[in-house]
Amino acid sequence: MKERTKNIKFRNYQNPNSHFDLIRLEELFLRKNLDHSPETLHRVEFYIILFIEDGQGYHTVDFTDLKCSRGTLITIRKDQIQKFFRRNNLKGSLL
């Protein structure tokens, strides 16, 4: 049986009334209250700007693995499918 891709709605845990959030990539992997794994394919119902500040790794957007390193900027549109590859040396921010 084929698994469905989980749809992820936007939630700002610090300020629930805000329409945007700024998250450190390192903090995303430490969150215990997520209802999904960032390392599995999921569809976001919001826009993301991912900026890599240090390290090297990959990020998948619509089934394409994108190589990223210091200075990489990735934009993810609403309804795109993505997943993170956890790398201990990868540091960055998500808006």
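Structure notes:
- In a DSSP loop and with at most 14 other Cβ atoms within 10 Å, the GluC sites (Glu not before Pro) in the range 1-67 are 3, 39, 45.
- Along the range 36-52 the Karplus relation, 6.51 cos²θ - 1.76 cosθ + 1.60 evaluated at θ = phi - 60°, assigns HN-Hα couplings of 7, 9, x, 8, 10, 4, 8, 9, 8, 9, 7, 9, 9, 10, 10, 10, 8 Hz to successive residues, with x for each Gly and Pro.
- Under 5 Å from the amide H of residue 66 lie the amide H atoms of 59, 60, 61, each residue being 5 or more positions distant or on a separate chain, with H modelled from the backbone and absent for Pro and chain starts.
- Under 5 Å between amide hydrogens, built in the peptide plane, is the criterion, and for residue 72 it picks out 52 among residues at least 5 positions away or on other chains.
- Within the range 7-95, trypsin sites (Lys or Arg not before Pro) in DSSP loop having at most 10 other beta-carbon neighbours inside 10 Å: 9, 31, 32
- Of the labelled figures (i) 13.9, 39; (ii) 14.0, 50; (iii) 12.9, 40, only one reflects Rg and Dmax of the Cα atoms in Å as derived from the coordinates, namely (iii).
- Working note: Karplus 6.51/-1.76/1.60 with θ = phi - 60° gives the range 79-95 the couplings 6, 7, 9, 9, 7, 9, 9, 6, 10, 4, 8, 7, 10, x, 9, 10, 10 Hz, where Gly and Pro are set to x.
- J(HN,Hα) series, the range 67-75, from Karplus relation 6.51 cos²θ - 1.76 cosθ + 1.60, nearest Hz, glycine and proline x: 6, 9, 8, 3, x, 6, 10, 10, 9
- Among 37, 69, 18, the residue with the largest mean-square fluctuation in a Gaussian network model of the chain, with springs joining Cα atoms closer than 10 Å, is 18.
- Reachable aspartates and glutamates from residue 67, criterion Cα separation under 18 angstrom, eight or more residues apart if same chain: 26, 39, 53, 54
- Computed [θ] at 222 nm, deg cm²/dmol, the chain (DSSP H ≥ 4; -39,500 (n - 2.57); rounded to nearest 500): -500 deg cm²/dmol
- Relative contact order for the range 1-91: 31 percent, from Cα pairs under 8 Å spaced at least 6 residues apart, divided by residue count.
- Put a dot 7 Å past the Cα of residue 56, heading toward its Cβ, do the same for residue 15, and the two dots end up 3.7 nm apart.
- For the range 7-95, the solvent-accessible area works out to 65 Å² per residue, with a probe of 1.4 Å and every protein chain left in place.
The values are calculated or read from the model by the stated rules, or taken from the named source; none is laboratory data. What you see is a predicted model, and the numbers here were worked out from it, not measured in a lab. No Cβ is skipped: glycine too gets one built from the backbone with ideal geometry, and neighbour counts run over all protein chains shown. Protein only, heavy atoms only, side chains kept; ligands, DNA and RNA dropped before computing areas. Shrake-Rupley method; radii C 1.70, N 1.55, O 1.52, S 1.80 Å.
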